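Below: the structure, in structure tokens.
Please treat every number below as a calculation from the coordinates, not as lab data. Not measured: the values here are computed from a predicted model. All Cβ positions, glycine included, derive from the backbone under ideal geometry; neighbour counts span all protein chains shown.
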Amino acid sequence: MSTFLELDHVTKKFGSEGMFGNGMVTIAVDDVSLTIDEDEPSITTVAGESGSGKTTLSRLLLGSHVPTEGRMLYRGKDFTQLTRRERRNFRREIQPIFQDPFESYNPFYKVDHVLSEPIKNFKLASSGREKNRMIEDALEMVGLVPGETLGRFPHQLSGGQRQRIMVARALLLKPRVILADEPVSMVDASLRATILDSIRRLNRDLGISVVYVTHDLTTAYQISDNILIMYRGTIVEAGTVDQVIPNPQHPYTQLLIESIPQPDPKNRWGSEPPQQNWDTSDTDIAGCRFADRCPAVMDQCRTSAPKQYLINEKQLTRCFLHEEKGEMQNPDITSTFQTESETIKAIPADMSA
Amino acid sequence: MSTEQSIQTYRDGARITDVDALVVDGLSVYYETEGGTVKACDGVTFTLKQGERFALVGESGSGKTTLAMALMRLTRPPGHIAKGSVTLHGRDITSLDDKEMRQARLAEIALVPQGAMNSLNPIMRIGKQIIDGVIDHLKDDEPTPTKDELDEMVHDLLTRVGLRPGVARLWPHELSGGMKQRVAMAIGISLRPKLIIADEPTSALDVVVQRQIMQTLGRLQEGLDASIMLVGHDMGLVAQFADTIGVMYAGKLVEVGPVEEVFSNPKHPYTKLLIGSLPSLQEKREFLGIPGLPPLLVDLPLGCAFADRCPSRFDKCETAIPEKLNIGGRRDVACHLYEDEVQS
């Protein structure tokens, strides 16, 4: 098993204490350990509300934020020690797809530009003909017709088409990992399906791992294998989607799932949930950060922070309600996902025996 | 004719009275462009009762925001209201002069805009923005309220939308997206309007905040005994919030009915596809989008605008535009499939 990217006890803080700070320190990502593996490509969702740290986590993975504490390792090597060449390779192997398909384009260039530029930059094609073929293949891979797409300006295409061109652009670089930060939140519901479907095909057909950052648990459930739920910088629950979504154990995950507007008028929301208090600095909270909104809060939640407890081999939670299950030995969150793929691998072996 | 049965809802605590709050009749909004006339909203007819929550859904470009803006008479050139009337509690607002309309906005019909983050003035404190509209709407002979009265009004409004009173002293950039949307709601209800138009009020917010905002909006609407028109494309939100749903496609209202009935038994093929394409948490399945794209509003087909994408189309759909049919109770559908049913 080879590890593509590893976060080792990574923390990222913003703001400062002391003389020049205003005392508000945001711990956007708090002591997260996880790995992205390339032998077993999977789709992992990072979910949480605005301000939960999911975008900071994805920027750490892209190398565009430097951890305040902890280390990031790329193919086993400390990220800060990479040579220029290794760093360049890293930038090709992990490709982002951003939220806003309108802002990702320069309106003065035809859409061909965003496709030909990366080929030029990474010297992927030896001739103009090869370049054109690569572009056409990538567009077809995401379900676009090259003849109807190339030669147009961004404003002549729909949001859904523009976002699919971004997927095609990422594809051209033959990445190992695609990091999609809210790729469908600005696209009409009827067009979301096609974009998510092309992302899923990348994973299945080309073996690319996908990190899908979203607050939409419904689409997360539909396309991903694993899920991490974040709240104010901490990972409060993680596991396989088939385990977490039907059986959420952390009260925050439960609130998130209950709040999804179900398309069933006979089954409406319960009472209004309490609002988050943004006035306290993260460093002032000694206990669980969800304590002030938690319906199941206990005394100890306000004074000490819960650890990661393993509910079963496919699910962990950071909540004292599950303290008796025992603290996880391996802090790496992804270890809860890997047990599943190992069991899957084990089954055919048994059957053949 | 009794309409008792027609205003039933599964919503707890709903108080819908059989009084017409808003009657929209044959409303058409056209944009004159070099390429021709764009029929962004064409012959739209529906009625909203007092205390009712009506949701208008459709994809981008279907004309739902055009319709909402026309109800506020905020249509800008080259757009204009070409035909039809809008009657709010017995008064036709299409015939008001500009000064009267200006008085009616906020006082009788208020807008909670899409993307509240862009609708607040960045260089004005929150408290001042909330009372700005109140002061602007004072009648000529009305005395200006004292500072204490205004402070109390701001305090009361902020508390009602779930913000602490201290927010009055803050600037917009100091608030989160959800808090800004709450401020926009405080402004919207400041003059106790009879109709609130909420145009995708939560589209940029995450699920928990979205739920909180929608529940606050509902509580405010119930407190004012007002009607509400929610404009959006999230069918889940509509199911949770509304009593009645109207589905727009290419400028026309293609289906109207009580939310429970439309969700359990959609009639128009477009509504069926919309509901069928919703991802679910109960089961995993392949995604079903709606194949094809809506037609250009400047170049509408001769027949039904949905015909190209419709799985149930037949010859007539290519040649004749379907008229609105009443299929019982408060359910209307504009589709040739149901013509025989209605006639027999």
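Summary table
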| item | result |
| --- | --- |
| Virtual spin-label span in nm between A:Lys307 and A:Arg92, 7 Å along Cα→Cβ | 4.4 nm |
| Relative contact order, percent, chain B [alpha-carbon distance under 8 Å, six or more residues apart] | 20 percent |
| Neighbour cut-off at most 11 other Cβ (10 Å), DSSP loop, chymotrypsin sites (Phe, Trp or Tyr not before Pro), region A:88-148 | A:Phe108 |
| Shape call, region B:56-169: gyration tensor on alpha carbons, a/c limit 1.5 | oblate |
| Loop-located trypsin sites (Lys or Arg not before Pro) in region A:90-186 whose Cβ has at most 10 other Cβ within 10 Å (DSSP) | A:Lys123 |
| Angstrom value of the Kirkwood radius, inverse mean 1/r, which spans all Cα pairs in chain B | 21.3 Å |
| Pairs from B:Lys267/B:Lys324; A:Lys131/A:Lys174; B:Lys49/B:Lys267 whose Cα-Cα separation, in the structure shown, is over 20 Å | B:Lys49/B:Lys267 |
| Chain A: C-alpha gyration tensor shape, a/c 1.5 cut-off, then a/b vs b/c | prolate |
| Spread of Cα-to-Cα distances over 10 Å intervals beginning at zero, given as percent, for region A:165-278 | 11, 39, 34, 13, 2 |
| Net length gained if the chain between B:Gln103 and B:Thr17 were fully extended (0.36 nm per residue, minus Cα distance) | 28.4 nm |
| Which of B:Val231, A:Val177 has the fewest Cβ neighbours within 10 Å, and the rest in rising order | A:Val177, B:Val231 |
| Most fluctuating residue given options B:Gly79, B:Gly35, B:Gly236, as computed from a GNM of chain B linking Cα atoms under 10 Å | B:Gly35 |
| Cross-link reach list, lysines versus A:Lys314, counting only Cα pairs under 17 Å and skipping chain neighbours closer than eight places | A:Lys325, A:Lys345 |
| Between region B:175-195 and region B:70-92, the Cα center-to-center distance that results, in Å | 23 Å |
| In sequence order, calculated HN-Hα J values of region B:91-98 (Karplus, 6.51, -1.76, 1.60; Hz; x Gly/Pro) | 10, 6, 7, 6, 9, 6, 7, 4 |
| Cα centroid separation - region A:196-223 against region B:203-224, whole Å | 30 Å |
| Rounded FRET efficiency, nearest 0.05, which uses the C-beta distance separating B:Asp25 from B:Lys316 and R0 of 41 Å | 0.95 |
| Lysine pairs with alpha-carbon atoms under 23 Å apart, region B:54-203, spacing 8 or more or separate chains | 11 |
| Sorted by Cβ neighbour density within 10 Å, fewest at the top, the residues B:Met248, A:Met141 | A:Met141, B:Met248 |
| Extension gain, B:His173 back to B:Arg76 (0.36 nm per residue minus Cα-Cα distance, nm) | 32.0 nm |
| Region A:38-160 - percent relative contact order, Cα under 8 Å, separation 6 or more | 22 percent |
| Set of aspartates and glutamates with alpha-carbon distance to A:Lys266 below 12 Å, sequence-local pairs under 8 removed | B:Asp12, B:Asp243, B:Glu260, B:Glu261 |
| Ranking of B:Leu302, B:Leu175, B:Leu170 by count of other Cβ atoms within 10 Å, fewest first | B:Leu302, B:Leu170, B:Leu175 |
| Residues A:Ser281 and A:Arg71, FRET efficiency given R0 of 25 Å [Cβ-Cβ distance, rounded to 0.05] | 0.45 |
| Region B:121-230: C-alpha gyration tensor shape, a/c 1.5 cut-off, then a/b vs b/c | oblate |
| With at most 15 other Cβ atoms within 10 Å, longest stretch of chain A clear of loop GluC sites (Glu not before Pro) (DSSP) | A:104-353 |
| Rg/Rh ratio calculated on Cα atoms of region A:265-330 (Kirkwood radius) | 1.07 |
| Of all DSSP beta bridges in chain B, antiparallel share, percent nearest 5 | 60 percent |
| Nearest-ten-degree value, helix B:147-160 long axis tilted from longest Cα axis of chain B | 40 degrees |
| DSSP loop GluC sites (Glu not before Pro) with at most 14 other Cβ within 10 Å excluded, longest remaining stretch of chain B | B:35-282 |
| Most mobile listed residue (A:Ile227, A:Ile257, A:Ile178) in chain A, GNM with C-alpha springs under 10 Å | A:Ile257 |
| Relative contact order, percent, chain A [alpha-carbon distance under 8 Å, six or more residues apart] | 20 percent |
| Residue mean of other protein chain beta carbons inside 10 Å, A:255-262 | 6 |
| Within a Gaussian network of chain B (alpha carbon springs, distance under 10 Å), most fluctuating of B:Val254, B:Val167, B:Val29 | B:Val167 |
| Using a Förster distance of 56 Å, the FRET efficiency for A:Lys120-B:Met124 (Cβ separation, nearest 0.05) | 0.70 |
| Reach of A:Lys13 by Cα under 19 Å, taken over lysines that are not fewer than 8 positions away in the same chain | A:Lys54 |
